[in-house]
Amino acid sequence: MINSKIGSALVVMLLVFCTPLVLAGGDTSSYDAGTHSSASTGGSTANIMMSSSADVQGFVVCIAHDGSVITLDSIDLDGTAGDAEGAEFVVANTYANSGTLGVVLDFNSPFDGQTIAAGSSHIANFNYSCNTAVFYSEGDPVPADETSALAFEDNLENNPPLENVTVSGGLSVYPSTNDGSCSCEAVEVPAEDTELWMETEFDGAEGNYAYHGQTGSLCFYYADEDDNIQGMTMTVCYDCDLTIGTEWDWHGSIVEQIGVEYLAVQVDDSDTDGDGCELVVAILMDALPPFDGQTLPQTTDLNEGRLLIGCLDVTVDDTAECDQDQEINWCNNINGNGNVNLYNNVVINLQSIQNYARNDTTVYVVPEEIFQRGDCNSDDKVDLADAATMLGNQFSGLAIDCSDACDANDDGQLNMADPVYLLNWLFKFGPEPTAPGPFNDGPDPTDDSLPVCDSDDTMCP
């Protein structure tokens, strides 16, 4: 049994007592620490091996390690040759960067002379644990192992200092040494089958294409085939040339149907604080008495395979660069407008899950469509042919490229009033069509519900 309370000095005294000042003439010995690895969440045992040309009466083992990588938890003789032979004196000491072990086989009367037989023997267990647990997601690159050398070194942290030595025939034999290592391997975390999406939509059919000043929706969706989600934190970084609203829209979402009891929305739309623009959304389905346990349902049997969580407004600022994507990305360790760094997670069975698929989105800022008000046939002039085109569109289904150009009176509607307005201007001194007018191309300054023009005339402001 190891007595860690007895000082190392006693070990030295015992060995010296048994050891003349003359080294063993022809005897040899060696130590081997071996190579060991384990998951970074646990640790491993280094089985120290000794080889000797003669029977061994006692020994001292001194091994240094990197205390920033691993911790030496204990040293023992379980399952070793010394354990089998009934070693009568054992002193082990553990330190921040090393460990020492002193063993005398025959220490107590009747002094039966037990030894470890010549040859190769397992003599000690140095038990290490990894200091840092390292995880990586399934499918991601595997992080490099963190490794510490296990080096046989004399005169380590103990006082008085000790040396690696074996005792044979009452003589000291200094062993040759073969250093080893202890590696901590990153742990693979299986990806949860939860999946989240962000998607933008402008003017229905336009998807993530938008013009300066245009407001659309940033919507969030989820899918999970076999789990019920109790809540989630969504943390998002986005381009500061976008403005995201703070009013959460539940309309048409699964959350509206089930009911939600906690919602928090933080929008940090300023890049003056040095951390860019950030969005934090926290949703907890069941947060108030009587705690009925409502959750977001599984999506196994859905035709589309996912459900809408909700939406926020997103507007393209006039500062956004034309013909460029404005990024909206899932990101972690952001503080929004607060002081606490937050990260993406879903709550399943009261456990925080961070490893799941998340799909980013963008807003592509397109060149702005320009037109001449009244140029319904898109021939870059306004005349009688345009009034004829308006009538053909309204009564015969004639295709047009730009509804706004055919909206001669700029009331946001296409009807009989438009050709009348245009003819009145052309031939009866009526009012001129409003901006951008009938002579020069320009953007539509009026918000309306007419479809976006589909023409070759565009501009980047």
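The values are calculated or read from the model by the stated rules, or taken from the named source; none is laboratory data. Being a predicted model, the structure only gives us computed values, none of them experimental. With ideal geometry, Cβ positions are generated from the backbone for all residues, glycine too; neighbour counts draw on all protein chains shown.
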Quick count over the range 335-359, residues being surrounded by 15 or more Cβ atoms within 10 Å (Cβ to Cβ) and more than 12 Å from the chain's Cα centre (by Cα), is 5
Conditions: (1) surrounded by 17 or more Cβ atoms within 10 Å (Cβ to Cβ); (2) among the charged types (D, E, K, R); (3) in contact (Cβ under 8 Å) with a residue 60 or more places away in the chain. Asp154 meets all but one. Number of the miss? (1)
Which residue pairs have Cβ atoms under 9 Å apart, sit 6 or more places apart or on different chains, and have a first residue in the range 208-224 that is within 19 Å of Glu304 (Cα to Cα) and a second that is buried (at least 21 other Cβ atoms within 10 Å of the Cβ) and among the small types (Gly, Ala, Ser)? Cys219/Gly310; Phe220/Gly310
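From Glu225, Glu261, which residue is surrounded by fewer than 19 Cβ atoms within 10 Å (Cβ to Cβ), under 22 Å from Pro297 (Cβ atoms) and touching a Leu at 6+ places or on another chain (Cβ under 8 Å)?
Working: Glu225 fails: touching a Leu at 6+ places or on another chain (Cβ under 8 Å).
Unique residue meeting the criteria: Glu261.
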Among the residues in the range 314-323, are any at negative phi, at pLDDT 95 or above and aliphatic (A, V, I, L, M)? yes
Determine which single condition Gln354 fails, assuming it passes every other condition in (1) touching a residue at least 24 places away in the same chain (Cβ under 8 Å); (2) of a type outside the set (Gly, Ala, Ser); (3) in contact with a strand residue (DSSP E or B) (Cβ under 9 Å, 6 or more places away or on another chain). (1)
Checked the range 403-461 for anything crowded, with 16+ Cβ neighbours inside 10 Å, touching a strand residue (DSSP E or B) at 6+ places or on another chain (Cβ under 9 Å) and among the acidic types (Asp, Glu); matches are Asp404, Asp441, Asp444, Asp457
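Can you work out which of the residues in the range 324-334 that are assigned to a loop (DSSP other than H, G, I, E, B) and touching a strand residue (DSSP E or B) at 6+ places or on another chain (Cβ under 7 Å) is modelled with the highest pLDDT?
Pass one, the range 324-334, residues assigned to a loop (DSSP other than H, G, I, E, B): 331-333.
Next cut, touching a strand residue (DSSP E or B) at 6+ places or on another chain (Cβ under 7 Å) only: 331-332.
Working: Cys331: 95, Asn332: 92.
The extreme case among them is Cys331.
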